[in-house]
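Shown next, in structure tokens, is the structure this report addresses.
The values are calculated or read from the model by the stated rules, or taken from the named source; none is laboratory data. Only a predicted model underlies this, so the values are computations on that prediction, with no experimental measurement involved. As a convention, Cβ positions derive from the backbone with ideal geometry for all residues, glycine included, and neighbour counts pool all protein chains shown. Each accessible area value is taken on the protein alone, full model and side chains, heavy atoms only, with ligands, DNA and RNA left out. Shrake-Rupley method; radii C 1.70, N 1.55, O 1.52, S 1.80 Å.
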Amino acid sequence: MKTSSVVVFGLAALIQWAAPVMQIWKHESVLTGGALVKIKCGAPDPYDPLRGRFLAVRPEQDMVTVPSGAAYSSGQTVYGWLDVGADGLATVTKLSETLPADHLAIELTTSYSYDGKVYITWPFDRFYLNEKIAPEADVWLRDNLRDRKTVVAEVRVKDGRAVLQTLSLDGKSFRDILAERVGH
Amino acid sequence: MPTLAANMKTSHNRWLLDQLPSWEQEGIINGDGASILRERYAEKSEGISLVQLIFGGLGALLVGLGLIAVIGYNWDDFGRPARLLFAFLPLLGAQAFSFWVLRKGDTLAPWVRESAALFQAITAGACLAVVSQIYNMGGSWPEFLFWWLVLSLPLAWVMRSHAVALFYIIGTTVWVVDQMDFFRTHGSSILLYPLLLLGLVPYWPGLRAENRLPVFSRWVLAIGSMIGLCVTIESMVNRSYGSVQFLAWMLLATAYVILPLSAAGVAEGIMRKPQTIIGGGMLIVMSFISSFGAELKFESGGAMNILLGVVVVILLALAISRRRWSELSVASLVVIPLYPEEVQKWFASLHLVGVGLALILLHLNGLRGTPRLGAMILAGVVMARMGDSNLSLLTKGFCFIAVGIGFLVFNVWLSRRNKVAA
């Protein structure tokens, strides 16, 4: 076995570990040390064939009003300043191009801007579910949206990075509610 | 002579070796002569056969996909650490197996090496998938596919895995087609595609013989890369210029036709050089399109055209030094966009006639030519001009019949001439 083959194989193996480990490290640091924010959203149910069954998570807020004269191009990375309302739910009240040093903010991507409003894309868009309970989510969501109940995304935020921890309703985790429904 | 033996197809070698026992019996050759022939034309394995590739790869693929499905079940009952362990254990196992296969070297059958490499590629993807599932990470499947391909690429080199190379080619083609977005106004990741293609440099035609892909894989590489590069060109053009893509496509097709090959590569049959067929086919088709009056405009602007032009000039010089006259004849069609718009239609037709005649005359003069292709081009030009002329249907009919008969007569004459020459 040639030395060069060993070296290349070793590097390849290392990179195959390094890529997921880096993702784990970034997300773990947010999950363990990030501030918890609750964001109002709704969710239908698609399917990612490569990575499993998930619920599409779409925060209700899709737009931020900006001061006149502020210019943002499509696809630009910005930071949304998060403020918590009386109902305990967080909304983005302001955008900035840099991470604020003394205010909780989340990294967002701009879609387009029009008439003093900037439309945003959130950094999380899915919540993975066990295949067994995922179909039940369809039914449950239809019922709850009809009854105008609020689905809340619980997100950990740290240094602008966000990790979706769970979806909940009235303080109860989505997984627990659905698991009860299917008798899991 | 060794060169001739090296250039003979494996099937010809096998036929010759099969005949030797009966020739010895009949006294056509003696024992010494038979031994010399057996040694010289010993059956060389081309490496892994397509069947071995399919079966070895299929096994690894099924195991890997099963793994993804099992993991994709999303084990809610286990905590994060346990699920992360599930993610990494298969990858660790696959890497250990691959290392063992590498240590064993050529003592193992090629399909074992292919299976190990493909299994490792799949478990690398599965690991990424599980991690993104555990942390509810977003992103689109093409983005996931991109990183999966990048992580798999080194296995195509170090494990000399054709299966992983095929996965990489098909995956990058799917990825780049997805990236094509006419409306994208911000920076486009599609420009990464040429870099991704560079990842398969060891497998490019004309380079190291030990890396030569089987014929099927060569076709996949040629078709996949052509689609990917055309998509890349198309995406760039839609953001800047208008009709410049014709020239860019013709330059790209020319590069494919005259891609540098070793002497052994040049001597191979045309079906083993799919890049030549695809590039030549594109040039001929676009030339015929031009001969119908669709003007292939020449745009002097565009860094892309300049870059492609420089590459083509370098490749032309190499082709001339290797006396690849047949390929150069077809490659000459790249100048058609330079003809003045008013006369481009007729000049394109004349140029095609010239190319057809050249391909025939090269063969008749004992050089490597493709006379049947030349005859087809000539017949095509005649029929195209008859087709868009104002001649009566009767006249056109007689012309087509004459062309058909001429084509058949030429074919018979050529076959007889080749038999006599052999």
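Assorted remarks:
- Annotation: A:K40 carries an accessible surface of approximately 80 Å², with a 1.4 Å probe and no ligand, DNA or RNA atoms counted.
- At the residue level, B:M226 shows approximately 10 square angstrom of accessible surface with a 1.4 angstrom probe and all protein chains present.
- Heavy-atom accessible area ranking, 1.4 Å probe, most first, across B:R103, A:R126, B:R368: B:R103, B:R368, A:R126
- With 21 Å as the limit, the listed pairs A:K26/A:K158; A:K38/A:K117; A:K94/A:K158 have A:K38/A:K117 beyond it between alpha carbons.
- Based on the Stokes-Einstein relation at 4 °C and a viscosity of 1.567 mPa s, and on the Kirkwood radius from alpha carbon pairs, segment B:90-138 is assigned a translational diffusion coefficient of 111 µm²/s.
- Inter-chain shielding of A:18-27 (mean C-beta neighbours from other protein chains, 10 Å cut-off): 5
- Rounded to the nearest 100, the interface formed by chains A and B buries 3500 square angstrom of accessible surface, both chains summed, with a 1.4 Å probe.
- Heavy atoms of B:I270 accessible to a 1.4 Å probe, total area in Å² rounded to 10: 80 Å²
- With semi-axes defined as the square roots of five times the eigenvalues of the C-alpha gyration tensor, the equivalent ellipsoid of segment B:280-422 measures 29, 24, 8 Å, largest first.
- Surface accessible to a 1.4 Å probe, per residue, for the residues of segment B:327-413, Å²: 54 Å²
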